[in-house]
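A short reminder: the numbers here are calculations on the coordinates, not readings from a lab. Values in this document were obtained by computation on a predicted structure and should not be read as measured data. Because the Cβ atoms are built from the backbone with ideal geometry, glycine has one as well, and the counts that use them run over all protein chains shown.
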Amino acid sequence: MAVPGGYDFARTAWFKGIGATGRAFGAPRIVARDRGGGFWATLGGWRQCLNAHVLSRVEGAEGAVAASFVTGYQGALLEANAEAMRRSGLAYLLSISGLHITAMVGAAIFDAEAARA
């Protein structure tokens, strides 16, 4: 507040759910374009392929849960299944386990290939 008892914009914004405000002094301009490649794009492509593979092999809600366990992608989950995971206290498995399970499977495959050589 600028003065005691005056209008408090920060308080009003907080309770309205406004996270930030601002204004632009001109039209936006593009300073660089994404070239669409690189390590993270490749990794994301592999993740999408793995997700599609799991969904093609395991049908229905089970496939969506399996895909989220493996890749962490939750877009195919039914809301009822996601809510059941939240209520059971297992929702963290849907997000963080994808990374960990994929890393462990990758390590196991790498180790098996190394043992063959």
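Dipole size of the chain about its Cα centre, with +1 on Lys/Arg Cβ and -1 on Asp/Glu Cβ: approximately 540 debye, rounded to the nearest 20.
Annotation note: trypsin sites (Lys or Arg not before Pro) in the stretch 10-74 located in DSSP loop regions with a Cβ neighbour count of at most 11 within 10 Å are ARG23, ARG29, ARG33, ARG35.
Of the chymotrypsin sites (Phe, Trp or Tyr not before Pro) found in the stretch 1-103, those that fall in a DSSP loop while having at most 16 other beta-carbon atoms within 10 Å are TYR7, PHE25.
Between ARG116 and ARG33, the FRET efficiency from the beta-carbon distance, with R0 = 41 Å, is close to 0.40. Working from the Cα coordinates of the stretch 39-116, the gyration tensor eigenvalues give, after taking √(5λ), semi-axes of 24, 14, 12 Å in decreasing order. Once whole DSSP H runs in the chain are found, which of them have Cα atoms spread over 20 Å or more along the helix axis and a mean Kyte-Doolittle score of at least 0.5? Result, helices passing both filters: 92-116.
What FRET efficiency comes out for the pair ALA13/HIS100, r = Cβ-Cβ distance, R0 = 35 Å, nearest 0.05?
0.35
Which whole-number percentage describes the relative contact order of the chain, with Cα contacts under 8 Å and a sequence gap of 6 or more?
Relative contact order, the chain: 16 percent.
Over the residues of the chain, the helix contribution to mean residue ellipticity at 222 nm works out to -20500 deg cm²/dmol, using -39500 (n - 2.57) for each DSSP H run of at least 4.
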